[in-house]
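The values are calculated or read from the model by the stated rules, or taken from the named source; none is laboratory data. Source: prediction; values computed, not measured. FYI the Cβ positions are ideal-geometry reconstructions off the backbone, even for glycines, and counts take in every protein chain you see. For the accessible areas, the whole protein counts, side chains as well, though only heavy atoms, and no ligand, DNA or RNA atoms are used. Shrake-Rupley method; radii C 1.70, N 1.55, O 1.52, S 1.80 Å.
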Amino acid sequence: MCGGRAREWDELAMWRRLREIIRKEFYQALREPRMRFLLFLPPLIQLLIFGYAVNLDVENSRLAWMDMDRTPASRELRSAFEGSSYFLIAATPQNEEEAQDLLDRGKIVAVIRLRSGFGRDIVRGDVTAVQILIDGTNSNTASIVSNYAMQVVSNYAVHTMGEQLAARVMAGGGTVVSTALPGLASRSRVWFNTELKSRNYYVPGVVVNIITVVTLMLTAMAIVREKEIGTMEQLMVTPIRPIELIIGKTLPFALVGLWDMVLVTVAALVIFHIPFQGSGWVLLASSILFLLTTLGVGLFISTISDTQQQALMASFFFTMPAFMLSGFAFPIRNMPVMVQYLTYLNPVRYFMEIVRGIFLKGIGVSVLWPQMLALLVIGVAVLGGSALRFHKRLD
């Protein structure tokens, strides 16, 4: 009887100590201006940057129109480019030197050049060509501009051939003898991101960036701060147990990370109208699994750092390679084979796939369970190993 009551008192005292540590961490985090900055401003800054500034969509690309023919046919092709929302004719160079200077200065992304005799060849039905000179500094933009320009030229060619055929039919008295040929029509349909907006693809990745940076950096810096100001020794002489100290130091920043995730998700839906097709509960559960890894890495960094500056640099040393190998900006399938295998050890990769799948595809646990299982295994291993190392350092 006395033993059971003693255990109850011991558990009650443990919860009281844990509650005081958590309250102390929240008080310190909200009291210090630098910590308040790291808690609230980076999520909003990243959201605005990736939502407004980082845009890979090609719209109103500045072109130079170099017409050496000046016929109704060339002017009709120019009207086709002007009528497209992808292009804006910003200059009309008169010679090669002017066109070269515009490309060198970066004032345009491409030059559309029509040689003399373009209209004559069109009327005769002869083969003619349109030269497209593209600034290839940015290979992604150059590829998209080239495809859009070729599409405009192709549509113009089809339209011109149709007009010539109709004219020949009228010239022949309205009668034409034709042989029926089998036709093949292709129709494409885009699923998930129907408008093909890069913003819809990148903004969900910001959620991953935020929850990674906030929880990892703040966890490491909060523990190292105790060493730096000399209060870690004071905590060691208190009745607080190592496991209680670990939980009390990491749990507040886990809650902060979840709060930032909710904040950015709501802002993405309200400000940028990013589609959210999946379940918020699945996103929340996946975030908790991912937090096991970031909190574990933060604990590990705290064991190898003596100052907050060291912890900050060590956090960047982890986050930058993790983001580069996560598929956030560069497709993993385009990486070398050995690097692709290396990404399987990167927890950010799995969480990136989960977040984008929930936002854009609306898929659930039945599809995402391999990624969630990988996060659980990696998270338990990293957090468990880091906690043991931190426990030994306390001893």
Odd one out for Thr238, checked against (1) hydroxyl-bearing (Ser, Thr, Tyr); (2) modelled with pLDDT of 80 or more; (3) not in a helix (DSSP H, G or I):
(2)
Here is a check on your reading of the model: is Val208 at pLDDT 80 or above, open to solvent by 10 Å² or more (accessible area, probe 1.4 Å), hydrophobic (A, V, I, L, M, F, W, C) and farther than 30 Å from Tyr86 by Cα?
no
Does Gly257 meet the test of being of a type outside the set (Lys, Arg), crowded, with 17+ Cβ neighbours inside 10 Å and at positive phi?
no
Subset of the stretch 60-97 [closer than 21 Å to Val123 by Cβ and either part of a loop (DSSP other than H, G, I, E, B) or without any contact (Cβ under 8 Å) to a residue 40 or more places away in the chain (or both)]:
Met68, Asp69, Arg70, Thr71, Arg75, Arg78, Ser79
Out of curiosity, is Asp104 more than 17 Å from Ser146 (Cβ to Cβ) and open to solvent by less than 70 Å² (accessible area, probe 1.4 Å)?
no
Contacts under 8 angstrom Cβ, first residue in the stretch 273-294 being more than 12 Å from Gly257 (Cβ to Cβ) and aliphatic (A, V, I, L, M), partner open to solvent by 20 Å² or more (accessible area, probe 1.4 Å) and assigned to a loop (DSSP other than H, G, I, E, B), 6 or more apart
Val282/Gly364
Give Gly379, Gly327, Gly357, Gly364 a once-over and let me know the one that is closer than 17 Å to Phe300 by Cα and touching a helix residue (DSSP H, G or I) at 6+ places or on another chain (Cβ under 7 Å).
Gly379
Subset of the stretch 354-383 (residues that are surrounded by fewer than 21 Cβ atoms within 10 Å (Cβ to Cβ) and within 13 Å of the chain's Cα centre (by Cα)):
Leu360
Residues of the stretch 46-55 classified as among the hydrophobic types (A, V, I, L, M, F, W, C), surrounded by 11 or more Cβ atoms within 10 Å (Cβ to Cβ) and at pLDDT 70 or above, total:
4
Scan the stretch 306-328 and report the pairs whose first residue is of a type outside the set (Ser, Thr, Tyr) and open to solvent by less than 60 Å² (accessible area, probe 1.4 Å) and whose second residue is at pLDDT below 85 and not in a helix (DSSP H, G or I), with Cβ atoms within less than 7 Å and a gap of 6+ or a chain change.
Ala311/Ser305; Ala314/Ser305
Residues to consider are Arg78, Arg23, Arg70, Arg31; find the one that is of a type in the set (Lys, Arg), open to solvent by 50 Å² or more (accessible area, probe 1.4 Å) and at pLDDT below 75.
Arg31
Being at pLDDT below 80 and among the β-branched types (Val, Ile, Thr) is the requirement here; does Val109 meet it?
no
Mind listing whichever residues of the stretch 127-148 are open to solvent by 70 Å² or more (accessible area, probe 1.4 Å) and either assigned to a loop (DSSP other than H, G, I, E, B) or closer than 12 Å to Ser61 by Cα (or both)?
Val127, Thr137, Asn138
